[in-house]
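One structure is given below, encoded as structure tokens.
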Amino acid sequence: MVSDFFYKLPKLIESGEEAIICCESPLQERDRILQYISQYCASIQTKCLLWNLGQETIKQVEYSDSGQIHLFDFEEYTPLPVQNSKDYFQVLKFWENYQGNGVLIIENLYPWISTNVPQETQFFLLSEWVKSNLLNISLTKCALRGIKCAILLGAQADLHPEMLCQIPLLSQDLPDTSEILIALNEELEGLLPPTFGEMDRLCIARSGIGLYISDFLKGLKSISSHCDDCPEEIAKKLLQYKINLLNRLYEIDFIPPPLVPLGGLELMQEAFKKFKRLFSPLAKAYKLRVPKGIILVGPPGTGKSHSAKICSQILGVPLILVDWGNFRSYGNEAERRLKKLLKLVDRLNEVVIYFDDFDKGFAGDDDVARRLAGQLLTWMQERVSDVIVIASVNRLEWLPPEITRAGRFDYLYKVDLPNHGERHAIFKLHGGRFDERFFSGDPYTESEWRRLLKQTNRCVGAEIQTIVERAAATTFCQMFPEDIPVPTDGELPPLSISVATLLEERRQINPLAIREADRVESMRNKADLQGLPSSPADSSQYAIGNVDIFG
């Protein structure tokens, strides 16, 4: 299967109707694009030419059978000495008047023809001059029979509307599995053992979803030295390469399905288990879909971010963590970055994307926030991929009304302060990290637990984690006043965290729900009006109603 980009480009060139074609392609794909266009030009017996600001002249591009790109001076073009800024782009005048045939690739011209051209006088005038020359070229037909076409090539084709009306734009999307598999089969020699069958290569190709072909092949070459690896091991290493690369390119946290424990929120976990069933082919046969969006609303520290990880774990799909508030800091780049990110998650398909502090992105109610919201809502309304969007919110009233209507975010869960039973589970989860007694049995009596849970009333999960970690550190310092060598037999004396130590650490912490009681109660009340409960009523032995007053 040939990608839409590589299918449409030769069609537009051969039609003879388009004198200029804009092509948006990432920088890492440059060599592949040059290779493709030069090979295509050779097949139709026309010249392939290249110009950019990094060279003073036009180069003729030829691709050899050995896989190398060769550049030669194009003798029909002799640049004039540069006397003003317009002379840097004299190639445009040359091509307008050129009466020969050929395909001229002009690189990195987009900053001068974008929608966000700086209004500084000299740059603005140069931009208008460049746009005018391009429009003149687009209206000029070749006097000779044959092909004459200019291709504008660059990574960010944010074209001015008047250019888009006149010049077609092709964008190179992320490849699907079949395209990656084709590239893998073409480059198979030296990359993978010849014993690998079609299913082995398919397994490896699937692990590269979300990468461009060039990045995929580069990653595969970086791990291909381990020829003894099985396909699953190669796919695992390639996945880690992909995670590291995507985190850098998109400024996100892309993580595989995590393995994290959770205390409480049983109702929400049951909902996530139901959503997992909707990924199945049988559910799709019934035209059922996963929910488009889920909002988690509640005070800070109640476990909203942790819940997104639990969702990813239950569904068995990767998780992408995004700080929504950061998008506004990108200014005019915000919409382009969001569009690029949404294209990535669409290609990844089965994935959870989590927008942290979603409400803070709308606190300023500025144009950037409204445009980003509109772009996200349009994508959520029209997308067909199995992507679950989760957004955490502290203040529901900051969100525009259109975001919370049905069809955008289908579910809204209230993630509240943990009850007695949930705090007991959270204490055991974090206590087990340091004190083995939490795993082998119960280190405290019922009365000790009741005292601890009463004293930590209105503490959120993050605060309980801090109390346990500080208590563990205090216990360690009491056990070992001075540094001693680690035992050579590997047997470490156990840490035994006492209730008294936990209570002392609790005394030194002022919980947010007490410190900012008015604001937290306002958040809880507004969430209670619209949100579904994420936890059932407390039915544990430590529930307030389960106290034996006659005992």
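Structure notes:
- Ranked order, L288, L181, L135, L296 - accessible area, probe 1.4 Å, largest first: L288, L135, L181, L296
- Across I113, I182, the residue with the most accessible area heads the list, and the full order at a 1.4 Å probe is I182, I113.
- Remark: region 295-306, residue by residue, has Karplus-estimated 3J(HN,Hα) of 10, 10, 10, x, x, x, x, 7, x, 5, 5, 5 Hz, where x stands for each Gly or Pro and the curve is 6.51 cos²θ - 1.76 cosθ + 1.60 at θ = phi - 60°.
- Using a simple spin-label model with pseudo-atoms 7 Å out from Cα toward Cβ, I509 and K221 lie 5.1 nm apart.
- Looking at region 47-122 alone, DSSP beta bridges between its own residues are antiparallel in about 65 percent of cases.
- Surface share of carbon and sulfur [accessible, 1.4 angstrom probe, percent] for region 444-530: 51
- The residues of region 467-510 expose, per residue, 67 Å² of accessible area to a 1.4 Å probe.
- Interchain or long-range residues, amide H under 5 Å from L104's placed H: L49, C149, A150, I151
- Computed over the chain, the per-residue total of -39500 (n - 2.57) for DSSP H runs of n ≥ 4 gives a 222 nm mean residue ellipticity of -13000 deg cm²/dmol, rounded to 500.
- J(HN,Hα) series, region 62-69, from Karplus relation 6.51 cos²θ - 1.76 cosθ + 1.60, nearest Hz, glycine and proline x: 9, 10, 7, 5, 7, x, 9, 9
- Within region 408-436: backbone nitrogen closer than 14 Å to the S496 label point (7 Å, Cα to C-beta): 435-436
- Proximal charge balance of R277 [Cβ under 15 Å; K/R count +1, D/E count -1]: +3
- Potential lengthening between K274 and K11 on full extension [0.36 nm per residue; Cα-Cα distance subtracted]: 90.1 nm
- Probe 1.4 Å, protein heavy atoms only - accessible area per residue of region 212-358 in square angstrom: 46
- Each other residue within a Cβ distance under 10 Å of D173 adds +1 if Lys or Arg and -1 if Asp or Glu, for a net charge of -3.
- Calculated FRET efficiency for the pair D253/R458, C-beta based, R₀ 35 Å, to 0.05: 0.70
- Nitroxide proxy distance, nm - points 7 Å out along Cα→Cβ at S329 and S171: 2.5
- Global geometry of the chain, whether rounded, prolate or oblate, following the gyration tensor of its Cα atoms and the 1.5 cut on a/c: prolate
- The ratio of the alpha-carbon radius of gyration of region 27-77 to the globular-protein estimate 2.2 N^0.38 Å is 1.11.
- Mean-position separation - Cα centroids, region 370-406 and region 411-427, in angstrom: 25
- Cross-link pairs exceeding 32 Å in C-alpha to C-alpha distance, out of K8/K273; K276/K360; K8/K309, comprise K8/K273; K8/K309.
- Annotation: per residue accessible area for region 24-82 equals 59 Å², rounded to a whole number [probe 1.4 Å, protein chains only].
- Pair Q68, R289: separation of 7 Å Cα→Cβ label points (nm): 5.2
- Sites T78 and T115, calculated FRET efficiency, Cβ-Cβ separation with R0 35 Å, nearest 0.05: 0.50
- Phi to ³J(HN,Hα) by Karplus 6.51 cos²θ - 1.76 cosθ + 1.60 over region 200-208, Hz, x for Gly, Pro: 5, 5, 5, 4, 5, 5, 5, 5, x
- Whole-percent carbon and sulfur share, accessible surface of region 60-181, 1.4 Å: 51
- Accessible area of region 374-431 belonging to carbon and sulfur atoms, whole % at 1.4 Å probe: 55
- Region 205-342: C-alpha gyration tensor shape, a/c 1.5 cut-off, then a/b vs b/c: oblate
- For the chain, the share of DSSP beta bridges that are antiparallel, to the nearest 5, is 20%.
The values are calculated or read from the model by the stated rules, or taken from the named source; none is laboratory data. No experiment lies behind these values; they were computed from the predicted model shown. Using ideal geometry, Cβ is built from the backbone for each residue, glycine included, and neighbour counts are taken over all protein chains shown. Keep in mind that these areas ignore ligands, DNA and RNA; they rest on the heavy atoms of the full protein, side chains included. Shrake-Rupley method; radii C 1.70, N 1.55, O 1.52, S 1.80 Å.
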